[in-house]
Amino acid sequence: MDAIVFVHQQLNANASKSYPTFKAGDNITVNYKIIEGVKERIQSFKGDVIKRQGTGATQTFTVRKISDGIGVERIFPYYSPNIDSIVLNKSGRVRRAKLYYQRERSGKSARIQEKKRAVQVKAK
Amino acid sequence: MKGIIGKKIGMTSIFEANGKQTACTIIEAGPCVVTQVKTVDSDGYDALQIAFGEAKAKNTPKAQIHHFNAANTTPKSVVKELRNCSITKQLGESITCDIFAEGEKVSVIGTTKGKGFQGVVKRHGFSGVGEATHGQHDRQRAPGSIGGSSYPSRVFKGMRMAGRMGGDSVKVKALRVVKIFPEQNYILISGSVPGHNGSIVLIQN
């Protein structure tokens, strides 16, 4: 097991990326690099995180969105060099770590309530 | 042919230069010690005998201890022979994982995980009966007929039946060396190799 940890440390040593911390229920935008021949462009995928899976360098997360009325899920490796950036749009209030129940829902019931955070109010 | 003995550590995945994620196996390969150089003149064939892994001297037979002493090394746990080896090494010299280069095609020989006594569906890929109804009772994974009654009146040799599965020596060909860490003796090989973690494998090409 130490050998696996070592290999990951070596391979990810030069990958110094910092993404915002997000978890299941959050709404994020993943800007993903797509290489077409020699050209490279960035495609964004915006949706709700329904799962964070695995540990270490092989961990992945799944983003679900509704595209033209059809649910689309995409699995991203967290340390993929093709992820340009991740933007956290909203953090959601959910009670589960894996939101598989979202697959059976559509429309209003598929909405995730936004988590209300305490904000420091400046004194007048 | 060249080769090295190693220990399977486990599997992981890495990102290659083109951004693709590749599943690979980490193998702790070598260092191996040359314990005997066989030649056509003395033994009738050309081969390099290599040894890997430490063994306790008190558990090693005296004859083997002397054999290892002749190569000026400590007792080893695994000894293998590489026939017609392309590496020219003298007795007592060590072989490390830098005999391979990144991107090279290799084959890996290992012993598969033992599965115990298995039926024909798992062991030989029979499809089973396929239906649970139409009078099948409880024989959905049964092999069916194993031969004719009046002719040949016997069961042909080699008829595939249930039995012990796994624990066989298997060679997996055309695997790719993804990365080498010479200081730690780690080799990363694309795909999977036979056996459980910690089992002994032979990497060759």
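Stokes-Einstein diffusion coefficient for chain A at 10 °C in a medium of 1.306 mPa s, Rh from the Kirkwood formula over Cα pairs: what value in µm²/s?
Details: Rh = 16.4 Å.
Here the translational diffusion coefficient equals 97 µm²/s.
For region B:59-74, what does the Karplus curve 6.51 cos²θ - 1.76 cosθ + 1.60, with θ = phi - 60°, yield as ³J(HN,Hα) per residue in whole Hz, taken in order and with x for Gly and Pro?
My calculation for region B:59-74 gives 9, 9, x, 4, 4, 6, 4, 5, 4, 6, 4, 4, 8, 6, 9, 7 Hz in order.
Would you kindly derive the ³J(HN,Hα) couplings of region B:151-164 from the backbone phi angles with the Karplus curve 6.51 cos²θ - 1.76 cosθ + 1.60 (θ = phi - 60°), listing them in order in whole Hz, with x for Gly and Pro?
9, x, 6, 7, 9, 4, 5, x, 4, 6, 9, 6, x, 5
Given Cα pairs under 8 Å that are at least 6 residues apart, what percent is the relative contact order of chain A? Could you put the intermediate results ahead of the total?
Working: 193 pairs, mean separation 32.0, N = 124.
Contact order relative to length: 26 percent.
Largest first and to the nearest Å, give the Cα extent of chain B along each principal axis.
70, 49, 34
Report the net charge of residues surrounding B:LEU175, where surrounding means a beta-carbon distance below 12 angstrom and charges are Lys +1, Arg +1, Asp -1, Glu -1. Each step should come with its number before you reach the end.
On the way: positive: B:LYS105, B:LYS171, B:LYS173, B:ARG176; negative: B:GLU104.
Net charge around B:LEU175: +3.
Calculate how steeply helix A:2-11 sits against the longest principal axis of the alpha-carbon atoms of chain A, using the helix alpha-carbon long axis, and give the answer as 0 to 90 degrees to the nearest 10.
90 degrees
Which whole number gives the average, over all residues in A:81-91, of C-beta atoms from other chains lying within 10 Å of the residue C-beta? Before the final figure, lay out the partial values.
Working: counts 7, 5, 1, 0, 0, 0, 0, 0, 0, 0, 0.
For this peptide, the per-residue mean of nearby foreign Cβ atoms is 1.
Between the alpha-carbon centers of region A:58-124 and region B:118-132, tell me the distance in whole angstrom.
Their Cα centres are 43 Å away from one another.
Over chain B, what is the mean sequence separation of C-alpha contacts under 8 Å (at least six apart), divided by residue count, expressed as relative contact order in percent? Don't jump to the answer; show the numbers that get you there.
Working: 446 pairs, mean separation 63.5, N = 205.
Averaging sequence separation for qualifying contacts and normalising by length gives 31 percent for chain B.
At 7 Å along Cα-to-Cβ for each site, give me the label-to-label distance between A:LYS65 and A:LYS98 in nm.
About 2.5 nm, to one decimal.
Compute the label zone of B:LYS115 within region B:179-193: residues whose backbone N is under 19 Å from the point 7 Å along Cα-to-Cβ.
Hits in region B:179-193 for B:LYS115 at 19 Å: B:192-193.
Distance from a point 7 Å along Cα→Cβ of A:GLN10 to each backbone N in region B:166-181: keep the residues under 11 Å and list them by number.
B:178-181
If DNA, RNA and ligands are ignored and the probe is 1.4 Å, what is the ranking of B:TYR151, B:TYR186 by accessible area, most exposed first? Spell out each step's value before the answer.
Details: B:TYR151 180, B:TYR186 35 Å².
Largest accessible area first, the list is B:TYR151, B:TYR186.
What does the buried accessible surface come to for B and A, summed over both chains, with the probe at 1.4 Å? Round to 100 Å². Each step should come with its number before you reach the end.
Values: alone 12340 and 9160 Å², together 20320 Å².
Protein heavy atoms only, the B-A interface buries about 1200 Å².
With springs connecting C-alpha atoms under 10 Å apart, model chain A as a Gaussian network and identify which of A:ASP26, A:ASP84, A:ASP68 has the largest mean-square fluctuation.
A:ASP68
Just the number please: accessible area per residue for region B:120-165, 1.4 Å probe, all protein chains included, in Å².
Details: 3810 Å² over 46 residues.
About 83 Å² of surface per residue is accessible.
Where the accessible area of the protein assembly as shown is counted over protein heavy atoms with a 1.4 Å probe, how much of it, in %, is carbon and sulfur?
Looking at the protein assembly as shown in its full context, I get 49 percent from C and S.
The values are calculated or read from the model by the stated rules, or taken from the named source; none is laboratory data. Being a predicted model, the structure only gives us computed values, none of them experimental. Virtual Cβ from ideal backbone geometry, glycine too; neighbours counted across all protein chains shown. Accessible surface areas use protein heavy atoms only, side chains included; no ligands, DNA or RNA. Shrake-Rupley method; radii C 1.70, N 1.55, O 1.52, S 1.80 Å.
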